[in-house]
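Please read the structure below before turning to the comments.
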Amino acid sequence: MAMQENMQQVYQRLQQAANRVHVPWEAITLVAVTKSVPGSAIEQAWQLGIRHFGENRVQEALPKISSLPPGITWHFLGHLQTNKVRHVVEHFQLVQSLDRMKLARALQKEGEDRGKVIQVLLQVNIGDEKSKSGFHPDEIEDVLVEISTFSHLRVLGLMAIPPYFPDSEAVRPYFRKMNGLFRQIRIPNVQMKYLSMGMTHDFEIAVEEGANMVRLGTALFGERAD
Ligand SMILES: *Cc1c(COP(=O)(O)O)cnc(C)c1O
């Protein structure tokens, strides 16, 4: 597999995008998205220096996580059913897809039971799409105020999956809106550290619009079968 070449290209494109907006590219966290990617390829990416990996499905992720280096930081990215919260709290370091209050309460309860503070990003349905989960942009402020009182949840930022356009330039206004939302939040106990947006198709635009965490699958591992 041409992973090393893919990685070099990704880093170069990331650097160029960061340069255009005068951001140090080292400040951008690259999360390698490994859904449908075998453990051997994840291991290879780890050897090449990638430290953050993201999975969408609990069932698929668990066996991979247990067979891979313990130093990996695992990000959960998918729609999480409350009956699987236990596994995610045990094996993942950041839940990027906190998309509803019911899940916030389930995570808080699991955190309390384990004496563990769970790090999360709020997923924002920035395009207000029926097909996507996430909080509506207008409710983010209230949701954050409420969650900031939860003893075992720590919000570290926002995540978005904007609408898809064949011309990736068309997504720019959505990223810009996310950045506006991200920057305007000032709530005690809520640290807006990560703005997670940008995938293979549009990560350079996301970086130009303020993303400091990008989630890349195809660009690193090639096309998926799904
Ligand atoms: C699959 C996925 C990605 C990566 O998508 P690519 O287009 O392959 O880079 C990023 N974020 C989420 C939430 C995903 O499900």
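In table form, for the structure just shown:
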item: Residues SER67 and ARG224, FRET efficiency given R0 of 22 Å [Cβ-Cβ distance, rounded to 0.05]; result: 0.65
item: Calculated [θ] (222 nm, deg cm²/dmol) that DSSP helices of n ≥ 4 give over the chain, each run adding -39,500 (n - 2.57); result: -11500 deg cm²/dmol
item: Residue of MET199, MET178, MET101 that the Gaussian network model of the chain assigns the largest fluctuation, springs spanning Cα pairs under 10 Å; result: MET101
item: Dipole-positive endmost among THR29, SER133, LEU80 within the chain (Cβ charges, Cα centre); result: LEU80
item: Set LYS109/LYS130; LYS130/LYS177; LYS64/LYS132; LYS84/LYS132 screened for pairs whose C-alpha atoms are more than 24 Å apart; result: LYS109/LYS130; LYS64/LYS132
item: All-pairs Cα distance distribution in region 16-84, expressed in whole percent, bin size 10 Å; result: 18, 45, 25, 11, 1
item: Inter-site label distance for ARG114 and GLU43 at 7 Å from Cα along Cβ, in nm; result: 2.6 nm
item: Point-charge dipole on Cβ atoms (K/R +1, D/E -1) for region 1-72, about Cα centre, debye to 20; result: 160 debye
item: The chain: relative contact order as a whole-number percent, Cα under 8 Å and 6+ apart; result: 21 percent
item: Cα centre as origin, Lys/Arg/Asp/Glu Cβ charges: region 43-126 dipole, Debye; result: 220 debye
item: C-alpha center-to-center spacing [region 60-135, region 11-39] in angstrom; result: 22 Å
item: Reference-scaled alpha-carbon Rg (2.2 N^0.38 Å with N residues) for the chain; result: 0.98
item: Simple Cβ-charge dipole of region 53-203, Lys/Arg +1 and Asp/Glu -1, about Cα centre, in debye nearest 20; result: 300 debye
item: In sequence order, calculated HN-Hα J values of region 93-105 (Karplus, 6.51, -1.76, 1.60; Hz; x Gly/Pro); result: 9, 9, 9, 7, 10, 6, 10, 7, 5, 4, 5, 4, 5
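All of the numbers you see were taken from the coordinates with simple rules; none came from a lab. Since the model is a prediction, treat every value here as computed from it, not as a measurement. In this analysis, Cβ positions are derived from the backbone assuming ideal geometry, glycine residues included, and neighbour counts consider all displayed protein chains.
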